[in-house]
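A.B. asks: Below is the structure I would like to discuss, written out as structure tokens.
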Amino acid sequence: MKKSGMVLIAIVAIIAVIGIMLASGYNGMVSKRENVDSSFSNLDVTLQRRADLIPNLVNTVKGYTSHETEIIEKITEARAKLVNANGVDEKSKANNELSKSLNALMVVVENYPDLKSSENFRQLSDELAGTENRIAVARRDYNDAVKTYNTSIKKFPSNIMANMFGFSQCEYFEADEKASEVPNVNFD
């Protein structure tokens, strides 16, 4: 009797330890996934802030540059794509397109000293530059959260649990390969 009681206690203890390990692993994955979602939400808010600044910047530039309609239209289209984008990949592509258009606009602005000295334009440019910095930080935070989460669901033995409970990899928010290229603006 004593021996069977000890075996039963050992089995219950082993099952309890395995249960605690499963619960702990699952809860850890849920926390990491929530961190990814929260980081993406913060990035999305910052992208929206930039999208909200763009119409004011475009209207200020329009007042000084009547013949730069192509760049203004590209910015407007890129902004609309960003605002309407869903998911990481779509938002990433739309953000890259908007960044390229804004870079082209800044090249054009260099040719308008009156515009560059406008208080309204300077203020909007400063806000946009600050927002660009916030986007960079939010993108880095998001990608760090994705790295932590993706690593945790790939490592053994948590990868078994991740597959069991349907945890899948998240996408990184990546910059366009051409993002480092200087925009080419032609005034012909």
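A.B. asks: Across the chain, how many lysine pairs separated by 8 or more positions, or lying on different chains, have Cα atoms within less than 21 Å?
C.D. replies: 24
A.B. asks: For the pair SER41/GLU132, report the inter-label distance in nm, with labels modelled 7 Å from Cα in the Cβ direction.
C.D. replies: Label-label distance for SER41 and GLU132, simple model: 2.9 nm.
A.B. asks: Nearest 20 debye, what's the magnitude of the dipole of the range 57-160 about its Cα centre given +1 on Lys and Arg Cβ and -1 on Asp and Glu Cβ?
C.D. replies: For this selection, approximately 620 debye.
A.B. asks: Right, another one. For the chain, which whole-number percentage of the solvent-accessible area (1.4 Å probe, protein heavy atoms only) is attributable to carbon and sulfur atoms?
C.D. replies: Of all accessible area on the chain, carbon and sulfur atoms account for 55 percent.
A.B. asks: Rolling a 1.4 angstrom probe over the protein heavy atoms, how many square angstrom per residue are accessible across the chain?
C.D. replies: Averaged over the residues of the chain, the accessible area is 63 Å².
A.B. asks: Select from CYS170, ALA145, VAL12 the residue farthest towards the positive end of the dipole of the chain; place +1 on Cβ of Lys and Arg, -1 on Cβ of Asp and Glu, and compute about the Cα centre.
C.D. replies: Among CYS170, ALA145, VAL12, the one farthest towards the positive end of the dipole of the chain is VAL12.
A.B. asks: Let me ask something else about it. For a label point 7 Å from the Cα of GLU174 along Cα→C-beta, name the residues of the range 138-164 whose backbone N is under 18 Å from it.
C.D. replies: 139-151
A.B. asks: Which peptide among 15-21, 52-58, 106-112 comes first, and what is the full order, when sorted by highest mean count of other Cβ atoms within 10 Å?
C.D. replies: The most tightly packed comes first, giving 52-58, 106-112, 15-21.
A.B. asks: Please identify the longest segment of the chain free of exposed trypsin sites (Lys or Arg not before Pro), where exposed means a DSSP state other than H, G, I, E or B and no more than 12 other Cβ atoms within 10 Å.
C.D. replies: Here the longest run is 1-154.
A.B. asks: Below 8 Å, C-alpha to C-alpha, sequence gap of six or more: please give me the relative contact order for the chain in percent.
C.D. replies: 32 percent
The values are calculated or read from the model by the stated rules, or taken from the named source; none is laboratory data. Note that the structure is predicted; figures quoted are calculated from it, not measured. Cβ sites come from the backbone with ideal geometry, for glycine too, and all protein chains shown count toward neighbours. Ligands, DNA and RNA are excluded from the accessible area calculation, which covers all protein heavy atoms including side chains. Shrake-Rupley method; radii C 1.70, N 1.55, O 1.52, S 1.80 Å.
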